[in-house]
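The values are calculated or read from the model by the stated rules, or taken from the named source; none is laboratory data. In this text the structure is predicted, and so the values were computed from the model without any measurement. Quick reminder, even Gly has a Cβ in these numbers, built from the backbone with ideal geometry, and neighbours come from all protein chains shown.
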Amino acid sequence: YLGGLIDVNMSEISFDEIQQLFSKDSDIKPGGHWKPKDCKPRWKVAILIPFRNRHEHLPIFFRHLIPMLQKQRLEFAFYVVEQTGTQPFNRAMLFNVGFKEAMKDAVWDCIIFHDVDHLPENDRNYYGCGEMPRHFAAKLDKYMYILPYNEFFGGVSGLTVEQFKKINGFPNAFWGWGGEDDDLWNRVHYAGYNVTRPEGDLGKYKSIPHHHRGEVQFLGRYKLLRYSRERQYIDGLNNLIYTPKILVSRLYKNITVNLIPELAPVRDY
C-alpha cells in the first residue's frame with residue numbers, strides 16, 4: 001500500500017543495526033537484490049550510488065529506500081560506486097562505471113542515478129523508468145522545494161538502459177563538483193528526448209545535511225558545457241577504461257575504482 005507522504009528518518013544508525021533490521025527478510029539476496037513474489041515486477045531497477053567518505057549516510061539511505069521500493073513492487077539492487085585516490089570527485093564517471101558493472105549482473109531495464117544524501121518524501125514517487133528520461137528529485141528541501149532552474153537534472157534521475165546507451169552515458173571529464181548533470185540534460189535533448197518529472201508533491205526530497213567536505217568546485221565546467229554536443233559521442237560510455245575492486249555485501253555491491261583522467265582519453269574535437 002502506497003500511502004503518499006512518508007516519514008523521513010535521518011537519525012544516525014550503524015551498519016550493524018541496518019543489517020539486523022533487514023536480516024529477517026530472507027528475500028533480500030546479496031547485493032540488496034529483491035523482487036516481489038506476488039507479481040511480475042514492471043521494472044528491473046539498478047540503483048547506482050556515487051560515493052566517497054559518506055559512510056554515515058549509507059545506512060540511513062537503505063533504511064529509507066528498501067521498504068519504499070518493496071512497496072512499489074519493483075525488482076531492484078543497489079550498486080555503491082566508490083572513488084578512491086586523490087583526484088577530485090567524479091560523480092559522472094562513477095555512474096558510467098556503475099552502469100557497466102551492473103549490466104554484467106542482470107538484465108536490468110531501468111537505471112536510477114541516486115545521490116546518497118537524497119531521501120524521497122513520497123512513496124508514490126515511482127522508481128520505474130518511462131518513454132522519456134525521468135528527473136525524480138524535482139523538489140528538494142534545501143532549495144525550498146523549488147526547481148533551481150528549468151534544466152536542473154541533479155540528485156536523482158532515471159533512464160532506461162536503451163536511453164542511457166543512446167546518449168553515450170555521462171561525460172567523464174567533470175572533475176570536482178557541478179556541471180555533469182547539466183551536461184546530461186544536454187545529451188538527453190540532443191538525442192531527441194525530453195525530461196519528465198513527478199507531479200506536485202510527488203517529487204519532494206529531503207537531503208541529509210552535510211558539509212561538502214573538501215569537494216572542490218569544478219571551474220572548467222562552463223567550457224565543457226559549451227561543447228556538449230561536440231563531446232557527446234567521444235566522451236562517455238565508449239571511451240572509459242577502469243579496473244574495479246568488487247565486494248558484495250548483503251545490501252549492496254560495492255564497486256571501488258581509483259579514477260584518473262587517463263582512464264577516459266578524449267581525442268580532439
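Return yes when F153 is outside any loop (DSSP other than H, G, I, E, B), under 25 Å from N238 (Cα atoms), at pLDDT 95 or above and under 15 Å from the mean Cα position of the chain (by Cα) and no when it is not. Criteria not met by F153. Restricted to segment 13-128, the set of helices (runs of 4 or more DSSP H) holding at least 1 residues that are charged (D, E, K, R) and more than 28 Å from Q163 (Cα to Cα) comprises 15-23, 57-71. Report whether or not A102 is at pLDDT below 95 and either farther than 29 Å from N258 by Cβ or in contact with a strand residue (DSSP E or B) (Cβ under 8 Å, 6 or more places away or on another chain) (or both). For A102, the condition - at pLDDT below 95 and either farther than 29 Å from N258 by Cβ or in contact with a strand residue (DSSP E or B) (Cβ under 8 Å, 6 or more places away or on another chain) (or both) - is not met. Does R229 meet the test of being charged (D, E, K, R), buried (at least 21 other Cβ atoms within 10 Å of the Cβ) and either assigned to a helix (DSSP H, G or I) or modelled with pLDDT under 95 (or both)? No; evaluated as a whole, the condition is false for this residue.
Here's the yes/no breakdown for (1) farther than 20 Å from L263 by Cβ; (2) part of a loop (DSSP other than H, G, I, E, B):
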{"residue": "A173", "(1), (2)": "no, yes"}
{"residue": "D183", "(1), (2)": "no, no"}
{"residue": "N194", "(1), (2)": "yes, yes"}
{"residue": "Y205", "(1), (2)": "yes, no"}
{"residue": "L225", "(1), (2)": "yes, no"}
{"residue": "D235", "(1), (2)": "no, yes"}
{"residue": "Y242", "(1), (2)": "no, yes"}
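Evaluation of P67 against the conditions (1) surrounded by fewer than 23 Cβ atoms within 10 Å (Cβ to Cβ); (2) in contact (Cβ under 8 Å) with a residue 12 or more places away in the chain shows that the sole unmet condition is (2). Scanning segment 138-161 for residues that are under 22 Å from Y190 (Cβ atoms), touching a residue at least 24 places away in the same chain (Cβ under 8 Å) and not aliphatic (A, V, I, L, M) returns E151, F152, F153, G154, G155, S157, G158, T160. Within this structure, A77 fails the test of being touching a residue at least 60 places away in the same chain (Cβ under 8 Å), surrounded by fewer than 20 Cβ atoms within 10 Å (Cβ to Cβ) and either under 18 Å from the mean Cα position of the chain (by Cα) or within 30 Å of P261 (Cβ to Cβ) (or both). Taking into account only those residues within segment 166-186 that are touching a strand residue (DSSP E or B) at 6+ places or on another chain (Cβ under 9 Å) and among the aliphatic types (A, V, I, L, M), which is surrounded by the fewest Cβ atoms within 10 Å (Cβ to Cβ)? By that ranking, first place goes to I167. Summed over segment 232-262, residues that are under 21 Å from P59 (Cβ atoms), at pLDDT 95 or above and among the basic types (K, R) total 1. Determine if segment 255-269 includes at least one residue that is aliphatic (A, V, I, L, M), more than 18 Å from F170 (Cβ to Cβ) and in contact with a strand residue (DSSP E or B) (Cβ under 7 Å, 6 or more places away or on another chain). No; the residues of segment 255-269 include none that is aliphatic (A, V, I, L, M), more than 18 Å from F170 (Cβ to Cβ) and in contact with a strand residue (DSSP E or B) (Cβ under 7 Å, 6 or more places away or on another chain). With the structure loaded, tell me whether G3 is closer than 24 Å to K206 by Cβ, loosely packed, with under 12 Cβ neighbours inside 10 Å, in contact (Cβ under 8 Å) with a residue 60 or more places away in the chain and of a type outside the set (D, E) or whether it fails that test. Criteria met by G3.
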